[in-house]
Structures are given as C-alpha cells and as structure tokens.
C-alpha cells in the first residue's frame, strides 16, 4: 500500500471533516493534506520554489475559490511533473458537462459525493483500495 | 346605347360589325385607365376612367404631353416607359405611379407600340390598372411580417436568456443545495456512531428522522434537476431501442431491491426515433413507479409492450399494483402531485412530470388509466401524430 499522502482539494470544512472521517473509518492512514482552494492545490503540486508534494492521489472538488478544480486539473496535466498523477474528481455535481470536461482534461475518475454518509464511506473505501492498493502508479519525477 | 349585343344564338348568325363607337364604348366601360400617345408623347386618345381620374376632358388632353399634365419626374418615367415599348417593338409591363386624390397611386401598366406597314412605331397604347390597394395590403403584410419576425427574434433572445438563467440556477442547485445536506446527514451519523451512549432510543430515533428527510430532500433536488434537464437539454433524435433500455432499468431495479420479486415482461424489438437519454428517464420513472406500486403484491407483473393506433406507435407500461382513482388522473402529470400518502409509497411527485415533459418534447402524448387495487397502465407515443389524433 502506498504511504504517500493524499491531497484533498476541498473548500468546505464540513466536507473536509467528513472525508477525513471516512478515511479513518476505512483504516486508511495516509497523511491527508488539505488545500482549501485551487491556488493552494497548485502551490503544493507545482511550487515555484521548494519541495513539491508527491501525493499518491488527488481528490479534487470542482467548485473552488480562486482557481476552480477544472483549471487545476488542466494545469496538472499540462506539467511534466504531475502529468501522470492520479486525479479523482470528487464533487457534488453530476452535470454532464462537468463529467465530460473532467475526462477531457484527463481526470482518472469522476465520483459524485453521495449525500448519505454511509454511502460516502463506502465510496472512499473503494477509492482507497483501488488507488492506494491495486493501482500501480507511474514512477514519480519529470516525465514519469 | 347599343353596345354590340350578340344574342344567345350568335353562333348561327353573322357577327355584328363592330364599329369605332362600340370600341370606344368598350374602353370607356372598363375600370382600367386607357390612353394612346404618338411617338412624340402627344395624347391621341384617353378613356373615360382617365378623364375621371385626372378630372380632365379628353378634348383638353389631346395634343398635350405628360410633361404638360404631371410633375416632371413622373412625366419623365411615363415617357421612358413609352420609349421602351417603342424600342422593343412588343408589349412591356411596368409599374408606374401617378398622383391621385389621396397621394400617389400605383398602377400596373401594359404598354404596346402601334406600328405602320414598314414596321415603324408611330404610337404607344397604355392600359393601366390601379393596384394601390393591393400594394398597400402587400406593404401591410410585409410590415406585419417584419414586426412578427422582430418579435420572434426578441422572444427567442429572451427565451435563450431565461434558459441560460435556468441552466445556471439548476447548476447552482445541484452544487450548493446538496452540500449542506451532506453535512446534516454526515454529522447526524457521527452523533449516532460516536455518542450513541449519551443518546437514548428516542433521541436516536429523531436523528434517523432527520437523516430520512435529508435523503428525501436530496432525492427531490435530483428529481427537480431531471425535470429541468428534460426541458433544457437539446433533443437528439436517433434510433432508440426501448426494449434494451427497459431491460437495463429492470435490471437496476431488481438489483437495488433484492427482497422484491417482480416479473418484468418486456416485449422484444420496441424501437423508435427519439432521444435515448430522455427516453431512458421515461422508462426509469414509469417502470420505477410500476415497481414501487406493486410492492405489496406477491405476484407483481410489470409489462412493456406496444400497440399501433392509426399508424402511431403507442408504448404501454402496465402493472397489477395499487392502481389509482381515475378522478385524480388529470393531476398526476403536474409536478409535486401525489396520489398516495408518503407512508404508503415513498416518492417526490416529480417523476411523472418529467415523463410528461419528455413525451411532449418528442411531440407525443401520454395517458394513464388505473383501477384502485388492480393496477395501472400508462400509454405514450413519442412521435408527432395527425392533428385530430388522440391516444386511447
């Protein structure tokens, strides 16, 4: 199991709390780094200077302050350092255009947050099992 | 006045010799304006209508030109048209304008040259018919058309703007209204899990009630979004296999409610030209309803079939469930109308409004029949039908 951190890009503190709880309930103990807007997310992943975060997985909300999730996704895919980073769009929307745009910009998966918490816990479990355990990630580093 | 009277048996007798007087009588009794001018534009002859129209006597006109009678630009045009007929050597048809009591009148005029034996044109005859009324009517029609077109453009722009607004609204609803619901549901669950010891049975019951209502509200938001999507998304007509879609939906229903035993009888080869995404929503709602309202039946049967009514394909969803009272049938396609209490059958009351909207957008019709305790049947078409056609 990958023990690299998970980057949670989410501006709603309640959702942050509930998502962290869902990970804990599923015994996923990877560090969860929270970015409360798109700008923070890009500072973690593509810093102008200093060490970049190399997460095992990015959980990306679409509707975010400053830079929205789709733009964050576009910049992640535009940069050699993060081109192959697994990005799961985790959002409230199930609007067709959001789904289509997400995949077009290179999202690995699109998950609509269920309202019922137990269903959300199950979804987080499935995501954790797949992306941290089953999936073989691309080697880190430029062009990797 | 004897104006060349030929009796009913004219064919048996020699024709009456028509003289100049008779010909003059003929041209004097028409509503057209008739005149003859020589090659230099001098009047040789005018008819009575001409005299009436311009309040002149023919004796006073003969020998004059149009430049003596009309304002210069009008006279110039008359002269030009005369010369054109002379130059061509055969009749020409032109539209001309001449002053009248109530402003300019428009005439459609046929002008033809008179030629001598050597083929030289020595005069021009003109027959002018007043088409001012027709012109005005045409002008009015054109003006109304322009106005109508402008109004259509305006309305379309307004409609597009309101569709964009609706779109933005629905998008915002889908995002922003669900987020607080997740918090309500989630933290209720946290209370139940982490503080179960501090909460007695009654308190836990209230939390579950909150959760149930949150879930219901989430379902309503989703249904409203479907309803709005059924209206605003562009309809794409393509080959659609209703049998396959229905089997898909039936599979989902049986998988989601494993404790239920319901038999789906879906006819093969039900196809139409329609929007597969929207038609799937129709089947989801109708089959979902049938599934729901047969919940209390041990031998539930849900059928999808097709009949043809006067050449129109009519699809049928039939169940042997709770049915409904026909006196409320007219209300059932309105949003938020429910014919059963929430405790009896859950639902948001939006499903049939979605179905109705999609059917109407396809140019089709829908009709529901029910008998309480025996079942319901929904018949719908998905193609435009003849004007007086009504689904039975």
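Bear in mind these aren't lab numbers, they're just calculated from the coordinates by the rules spelled out. What you see is a predicted model, and the numbers here were worked out from it, not measured in a lab. Don't worry about glycine lacking a Cβ; one is built from the backbone with ideal geometry, like all the others, and counts go over all protein chains shown.
Observations
- Each Cα pair of region B:247-381 feeds into the Kirkwood radius, which the Stokes-Einstein equation turns, at 25 °C and 0.890 mPa s, into a diffusion coefficient of 162 µm²/s.
- Pairwise label distance in nanometres, residue B:58 with residue B:93, each label 7 Å out on the Cα-Cβ vector: 2.7 nm
- With the convex hull drawn around the C-alpha atoms of chain B, the volume per residue stands at 316 Å³.
- Semi-axis lengths (Å, descending) of the ellipsoid that matches the C-alpha gyration tensor of the protein assembly as shown: 83, 36, 20
- A:20, A:113, B:331 arranged by Cβ crowding within 10 Å, fewest neighbours leading: B:331, A:20, A:113
- Net lengthening on full extension, residue B:122/residue B:149 (0.36 nm per residue, minus Cα-Cα): 4.6 nm
- With Rh defined as the Kirkwood radius, the inverse of the mean 1/r over Cα pairs, the Rg/Rh of region A:18-85 is 0.98.
- Calculated [222 nm] ellipticity per residue, helices only, for the protein assembly as shown: -13500 deg cm²/dmol; basis is -39500 (n - 2.57) per DSSP H run with n ≥ 4, divided by all residues, nearest 500.
- Using a Gaussian network model of chain B in which every pair of alpha carbons under 10 angstrom is joined by a spring, one finds that among B:350, B:74, B:302 the greatest mean-square fluctuation is at B:74.
- Once both labels are positioned 7 Å from their Cα atoms along Cα-to-Cβ, the gap between residue A:52 and residue A:103 label points is 2.7 nm.
- Rounded if a/c under 1.5, otherwise prolate or oblate - chain A, Cα gyration tensor axes: rounded
- Taking the fewest neighbouring Cβ atoms within 10 Å as the starting point, the ordered list for B:164, B:37 is B:164, B:37.
- Packing-based ranking, highest mean first, of B:193-199, B:176-182, B:86-92 given that Cβ atoms within 10 Å are counted: B:176-182, B:86-92, B:193-199
- For residue B:277 and residue A:16, the FRET efficiency from 1/(1 + (r/R0)^6), where r spans their Cβ atoms and R0 equals 30 Å, is about 0.30.
- The mean sequence separation of alpha-carbon pairs under 8 Å and at least six residues apart, normalised by the residue count of region A:4-110, gives a relative contact order of 26 percent.
- With R₀ fixed at 56 Å, the C-beta to C-beta distance from residue B:232 to residue B:101 puts the FRET efficiency at about 0.45.
- Nearest-ten-degree value, helix B:201-232 long axis tilted from longest Cα axis of chain B: 20 degrees
- Theoretical FRET efficiency, 1/(1+(r/R0)^6), r = Cβ-Cβ of residue A:71 and residue B:132, R0 60 Å, to 0.05: 0.35
- Cα-based shape type of region B:192-301, given that a ≥ b ≥ c are square roots of the gyration tensor eigenvalues and the cut on a/c is 1.5: oblate
- Axis angle, to the nearest 10 degrees, between helix B:351-361 and the longest C-alpha principal axis of chain B: 20 degrees.
- Rounded if a/c under 1.5, otherwise prolate or oblate - region B:47-144, Cα gyration tensor axes: oblate
- Note on region B:273-324: Kirkwood hydrodynamic radius from all Cα pairs is 12.2 Å, rounded to one decimal.
- Between residue B:209 and residue B:328, residue separation times 0.36 nm minus the direct Cα-Cα distance comes to 39.8 nm.
- Per-residue average of Cβ from other chains inside 10 Å of B:175-188: 6
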